[in-house]
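Chemist: One structure, as structure tokens, below. Some questions next.
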4 protein chains.
Amino acid sequence: MSNVHIRPLRLLIQCPDQKGIVYEVTKFIAENGGNIIDSQQHSVDGNFFMRLEIDIASDELAAKFETIAAKFKMDFSFNSHKKNMAIMVSKHDHCLNDILLKHKYGEIDVNIPVIISNHSDAEEIAALYGIDFQHCPIIDKNKVAQEKQVLELLKPLNIDFIVMARYMQILSGAFIDQYPHRIINVHHSFLPSFKGANPYQQAYDKGVKIIGATAHYATEDLDMGPIIAQDVSPVNFKDSAQDYVAKGRDIEELVFSRAIKAHADDKIIVYGNKTIVFN
Amino acid sequence: MSNVHIRPLRLLIQCPDQKGIVYEVTKFIAENGGNIIDSQQHSVDGNFFMRLEIDIASDELAAKFETIAAKFKMDFSFNSHKKNMAIMVSKHDHCLNDILLKHKYGEIDVNIPVIISNHSDAEEIAALYGIDFQHCPIIDKNKVAQEKQVLELLKPLNIDFIVMARYMQILSGAFIDQYPHRIINVHHSFLPSFKGANPYQQAYDKGVKIIGATAHYATEDLDMGPIIAQDVSPVNFKDSAQDYVAKGRDIEELVFSRAIKAHADDKIIVYGNKTIVFN
Amino acid sequence: MSNVHIRPLRLLIQCPDQKGIVYEVTKFIAENGGNIIDSQQHSVDGNFFMRLEIDIASDELAAKFETIAAKFKMDFSFNSHKKNMAIMVSKHDHCLNDILLKHKYGEIDVNIPVIISNHSDAEEIAALYGIDFQHCPIIDKNKVAQEKQVLELLKPLNIDFIVMARYMQILSGAFIDQYPHRIINVHHSFLPSFKGANPYQQAYDKGVKIIGATAHYATEDLDMGPIIAQDVSPVNFKDSAQDYVAKGRDIEELVFSRAIKAHADDKIIVYGNKTIVFN
Amino acid sequence: MSNVHIRPLRLLIQCPDQKGIVYEVTKFIAENGGNIIDSQQHSVDGNFFMRLEIDIASDELAAKFETIAAKFKMDFSFNSHKKNMAIMVSKHDHCLNDILLKHKYGEIDVNIPVIISNHSDAEEIAALYGIDFQHCPIIDKNKVAQEKQVLELLKPLNIDFIVMARYMQILSGAFIDQYPHRIINVHHSFLPSFKGANPYQQAYDKGVKIIGATAHYATEDLDMGPIIAQDVSPVNFKDSAQDYVAKGRDIEELVFSRAIKAHADDKIIVYGNKTIVFN
């Protein structure tokens, strides 16, 4: 992986809050020839979270870091390669389009080895951007078989994370367990309001004055995973439920791409059912 | 009522959608010497809603309007006087302060004959703005007695509507029935999320990335009445639940004053559990 | 024009404010068998503005309306057909993509007979959406010749309005005069701040905390035409000028599509150098 | 100053970007018994900026820091005491009210020894909050004499910074020089648009669709000082210039209090004519 040394090394740390962590970590980095380009930290409820960007010529840091990690009981990860992101999509292609365009413009720093869909609609747009498209239909309502097929497709591609660009199927727990906190979904409501089906109609019926969208990590508990990004749009009495859907598409694109960028840039730490999203 | 002829007459109409309503209403107004200054209408789900501002020298319009109203099965109201608004407040005085200031600046077009509180904290601020303050404590947890006292206070004041500027008591159904769709409450969350107590803590625990506030008409069903105004503010991982409360105060002020202005200016029509809020 | 009777007739009126306009207009419509579906009006500085949506089986209304229009000295327009919209674009294709997608979803109610570009980059995306693409390069810096070519291309297509989806050339006054208040441009700043070239860099250098984008009618005075829609996005110290550009693309899409929808739906009245954009 | 050891020490650093800064600074803090509670940094255009919150029992750190500061050519400041903030105000009292309320709620962590005004209007509100009020009228248009009087009032109060809560006088360069980058002004427009007088009318005349407010450090160049905070509000064709003023008041309060909190919490570094505002 030739890009290891070009891009900065990113170190994410989570551990019980203790005195001296920052010093010991920065000392370790200095002693190993690294230069800290960016550093953010946060302490809350006795927990300590840290993200570092390090300019360093060697990639042997991770192994050496075990000692310090053990001392502070750290969960940590070193990240230096460009991630491989798989896209899953059904028929609604606005989030897909938005991601592919942002990827083309260099805004989303990932490789996209494959787009997978239970429908064939996205084939042309995938071709336009030169990305492999795989049609994995659900045959005879056999979702288990289809998920198995998808997983086998993904395996040789070294997929780091999956994004559900309006993939209208509920993934099984077994599938999600293969990519824990590495599947990003976008739900077309301001969660925790309006979980499940038809959230815009729910919002319309309730008479809210603002609608929203939420990007979150998929968990087995539908629409309940850790929230990564949310945004909203005002609606008024002239808007029909159909107008909510149209306005919603814009918000879905915004929160979805923000969440993907944050994940791609190693800016997210999950703790409990919440996320720290560094700036 | 000397102010009848100074301010425009406002006519609010709600009826089944039918052909010819706009023409018959505008014809009626023209034939009675009125000039339409502003007109807004909306049709949805077979219902017709209309708001008119009419410049007219006489106030006999309402009586004459019965014929046309009967023909179209209209619910309607004519409004020409400055409304009398009672404020109820507990200890949190930020919404109270904001309303009194906006009232002083001429932004909220009402008379404020009284501020009522179950605590005495707001007495000084009431005095500063020259408004009568009535302390109605809840003694021995006897809320029934206190509500009765409040209602008796309000009766001779010809109160048109009541605003709960963070009044931390749940009003009984019997109280609310005296002012149907004429009591405005502000709830410190983006309803329907986080009903009930401690919504900011609920939001914090859930890990949402945006918090909100909601102004709505009080109904017997707690925090479930027709929504009038909502707004939001982003939060991030650096914000504590206490920071949510602080940010929330600003949003509460914004939605509360917007809802009050809309009600004071006869811009709201309630239908079902929803509102039309004209521009 | 077979679609005349399917879609509602839209009537836009601008005239000096006078008594009785609303009545006479609604009377005229009723007497000619029309039913008013939606009506909005506004008076400001002695001017009266009105927009009506009328359900009517005949399209002879316009001719008959002359009498009433003359009486009130009205500028007016009747609109009943789906407009023909030409798109001009250079290399940045995000606004183009967004419009084509929204058009596909039925959000933008126009025909798109042609996409014209001074570069060939957009040819594939045009093909994906099945829209005719015309490459009109500027040869030997001869912009006059190129504009002439474009105008000749547009003429037989009965183009109602043109949208500049990041068309990076300044149109001549002669060109603009062919489509007065019918060319929509998107400028990547919160006008009137940061006119001209490189607005994001200007914003970055100035240290603003919010960036914006503006959709406006093109006039001979660069970036000074009547503003139709604006929106903004917060930026912070971590954002580079390049990040401004990326965030800006999202805002450009939002304001551009809003302006196009408003124009397509006959919701805009221009007066002086300002616009009324009905809801 | 008994509060030195209760509140964390805040260290702000600005210097040319070099290798090893973070390590040397954190090492220095650790060796002197400090614990880093929060750390943020930023590098841009060859400059390095850092903010640290340090839990430490001694306040001798500043003197010892000189060596490291000299090595890296640092501008730095240690801040541990609650700042003394003077408020200047004219007749518009909405920003004043908002600050005093937020101060009462504990949101703004400062002492307020004095409120100074060229008018007497704010005397009652100052009394309500128990803050000394000084009336310093401008007599015979002699602004020099009045500014001298104000400066003499401020001197014995050890004022750390001044906030102009809609103080409608332009301060002289001589006055501003006494408090460089320590006077916060709020301008009622989205700067750099609409500098100078009557910005809401300017915005109305230009036909913008969004209005804004800006909090910035006062400099001799009117409305051109480093921007600290900005926010906006949409306006529409129904809003008069007077409505802009009313909507503007809410935005002014928001940006003004945000800027004050950031300054009070030592979260701002000024460089050139721009600010870094840490989170």
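The values are calculated or read from the model by the stated rules, or taken from the named source; none is laboratory data. Bear in mind the structure is a predicted one, so any value in this text is a computation, not a measurement. FYI the Cβ positions are ideal-geometry reconstructions off the backbone, even for glycines, and counts take in every protein chain you see.
Chemist: Given the condition buried (at least 20 other Cβ atoms within 10 Å of the Cβ) and β-branched (Val, Ile, Thr), answer yes or no: does some residue in the stretch A:79-88 qualify?
Modeler: Yes, the stretch A:79-88 contains a residue that is buried (at least 20 other Cβ atoms within 10 Å of the Cβ) and β-branched (Val, Ile, Thr).
Chemist: Turning to a different aspect of this structure: Inside the stretch C:139-213, counting only helices (runs of 4 or more DSSP H) that do not spill past its ends, which hold 1 or more residues that are among the hydroxyl-bearing types (Ser, Thr, Tyr) and buried (at least 17 other Cβ atoms within 10 Å of the Cβ)?
Modeler: C:199-206
Chemist: Could you tell me whether B:Glu66 is out of contact with any Pro (no Cβ under 7 Å at 6 or more places or on another chain) and outside the structural domain of B:His188 (by TED's automatic domain parsing)?
Modeler: So B:Glu66 passes the test.
Chemist: Sort through B:Asn185, B:Asn198 and tell me the only one that's within 17 Å of the chain's Cα centre (by Cα) and assigned by TED's automatic domain parsing to the domain that holds B:Lys247.
Modeler: B:Asn185
Chemist: Can you tell me which of (1) of a type in the set (Lys, Arg); (2) closer than 30 Å to D:Asn118 by Cα; (3) not assigned by TED's automatic domain parsing to the domain that holds D:Ala126 is the one D:Arg51 doesn't meet?
Modeler: Every listed condition holds for D:Arg51 apart from (2).
Chemist: With respect to the numbered conditions (1) more than 14 Å from B:Ile36 (Cα to Cα); (2) facing chain B (nearest Cβ under 9 Å), which one is the sole condition not fulfilled by C:Asn32?
Modeler: Answer for C:Asn32: the failing condition is (2).
Chemist: Between a residue in the stretch C:176-190 that is within 13 Å of chain D (Cβ to nearest Cβ) and touching a residue at least 40 places away in the same chain (Cβ under 8 Å) and any residue that is assigned to a loop (DSSP other than H, G, I, E, B) and surrounded by 17 or more Cβ atoms within 10 Å (Cβ to Cβ), which pairs come within a Cβ distance under 7 Å, given they are 6 or more apart or on different chains?
Modeler: Note: pairs meeting the criteria are C:Phe190/D:Phe190.
Chemist: Let me ask something else. Please count how many residues of the stretch D:243-258 are over 16 Å from D:Cys95 (Cβ atoms) and within 12 Å of chain C (Cβ to nearest Cβ).
Modeler: Qualifying residue count, the stretch D:243-258: 1.
Chemist: Scan the stretch C:220-253 for residues that are β-branched (Val, Ile, Thr) and either touching a strand residue (DSSP E or B) at 6+ places or on another chain (Cβ under 7 Å) or modelled with pLDDT under 95 (or both) and jot them down.
Modeler: C:Ile227, C:Ile228, C:Val232, C:Val235, C:Ile251
Chemist: Same structure, new question: Just to be sure before I move on: is C:Ile276 at pLDDT 95 or above and within 14 Å of the chain's Cα centre (by Cα) in the structure I sent?
Modeler: When the stated conditions are applied, C:Ile276 passes them.
Chemist: Output the qualifying pairs, or none if there are none: Cβ atoms under 8 angstrom, residues six or more apart or on different chains, first residue in the stretch B:48-65 and within 14 Å of chain A (Cβ to nearest Cβ) and under 16 Å from B:Glu24 (Cα atoms), second residue among the aliphatic types (A, V, I, L, M) and part of a helix (DSSP H, G or I).
Modeler: B:Phe48/B:Ile21; B:Met50/B:Ile21; B:Met50/B:Val22; B:Met50/B:Val25
Chemist: Further question: On the given criteria, is B:Ile29 buried (at least 19 other Cβ atoms within 10 Å of the Cβ), at pLDDT below 95 and closer than 17 Å to B:Asn79 by Cβ?
Modeler: Yes; evaluated as a whole, the condition is true for this residue.
One line per residue, one yes/no per condition, for (1) buried (at least 18 other Cβ atoms within 10 Å of the Cβ); (2) of a type outside the set (Lys, Arg); (3) touching a Cys at 6+ places or on another chain (Cβ under 8 Å); (4) within 16 Å of B:Lys19 (Cβ to Cβ):
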| site | (1), (2), (3), (4) |
| --- | --- |
| B:Leu52 | yes, yes, no, no |
| B:Ala63 | no, yes, no, no |
| B:Glu66 | no, yes, no, no |
| B:Asp75 | no, yes, yes, no |
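Chemist: Which count do you get for residues in the stretch D:89-126 that are surrounded by fewer than 22 Cβ atoms within 10 Å (Cβ to Cβ), in contact (Cβ under 8 Å) with a residue 40 or more places away in the chain and hydrophobic (A, V, I, L, M, F, W, C)?
Modeler: Selection size over the stretch D:89-126: 2.
Chemist: Return yes or no: is B:Val235 under 21 Å from A:Ile276 (Cα atoms) and more than 8 Å from chain A (Cβ to nearest Cβ)?
Modeler: In short, yes.
Every residue, every condition in (1) at pLDDT 95 or above; (2) surrounded by 15 or more Cβ atoms within 10 Å (Cβ to Cβ); (3) more than 22 Å from the chain's Cα centre (by Cα), yes or no:
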| site | (1), (2), (3) |
| --- | --- |
| B:Pro16 | yes, no, yes |
| B:Lys19 | no, no, yes |
| B:Tyr23 | no, yes, yes |
| B:Ile37 | no, yes, yes |
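Chemist: Name every residue in the stretch A:225-266 that is under 23 Å from C:Arg249 (Cβ atoms), in contact with a helix residue (DSSP H, G or I) (Cβ under 7 Å, 6 or more places away or on another chain) and not in a helix (DSSP H, G or I), in order of residue number.
Modeler: A:Ile228, A:Ala229, A:Gln230, A:Asp231, A:Val232, A:Ser233
Chemist: Any idea which of B:Leu101, B:Leu128, B:Leu96, B:Leu151 is hydrophobic (A, V, I, L, M, F, W, C), within 14 Å of another protein chain (Cβ to nearest Cβ) and closer than 23 Å to B:Thr219 by Cβ?
Modeler: Going through B:Leu101, B:Leu128, B:Leu96, B:Leu151 in turn, the sole match is B:Leu96.
Chemist: Do we have any residue at all in the stretch C:101-110 that's at pLDDT 95 or above and farther than 19 Å from C:Arg258 by Cα?
Modeler: Looking through the stretch C:101-110, none of the residues is at pLDDT 95 or above and farther than 19 Å from C:Arg258 by Cα.
Chemist: Of the residues that sit in the stretch C:214-224 and are part of a strand (DSSP E or B) and within 10 Å of another protein chain (Cβ to nearest Cβ), which one is nearest to D:Gly272 (Cα to Cα)?
Modeler: C:Thr214
Chemist: Turning to a different aspect of this structure: Confirm whether B:Asn84 is within 14 Å of chain D (Cβ to nearest Cβ) and either assigned to a loop (DSSP other than H, G, I, E, B) or touching a residue at least 24 places away in the same chain (Cβ under 8 Å) (or both).
Modeler: no
Chemist: Of the residues A:Ile276, A:Ile210, A:Ile269, which single one is closer than 28 Å to C:Asn97 by Cβ and of a type outside the set (Gly, Ala, Ser)?
Modeler: Every option except A:Ile210 fails the conditions.
Chemist: OK, next. Going residue by residue through the stretch D:159-174, is there one that turns out to be more than 9 Å from chain C (Cβ to nearest Cβ) and closer than 22 Å to C:Val255 by Cα?
Modeler: No; the residues of the stretch D:159-174 include none that is more than 9 Å from chain C (Cβ to nearest Cβ) and closer than 22 Å to C:Val255 by Cα.
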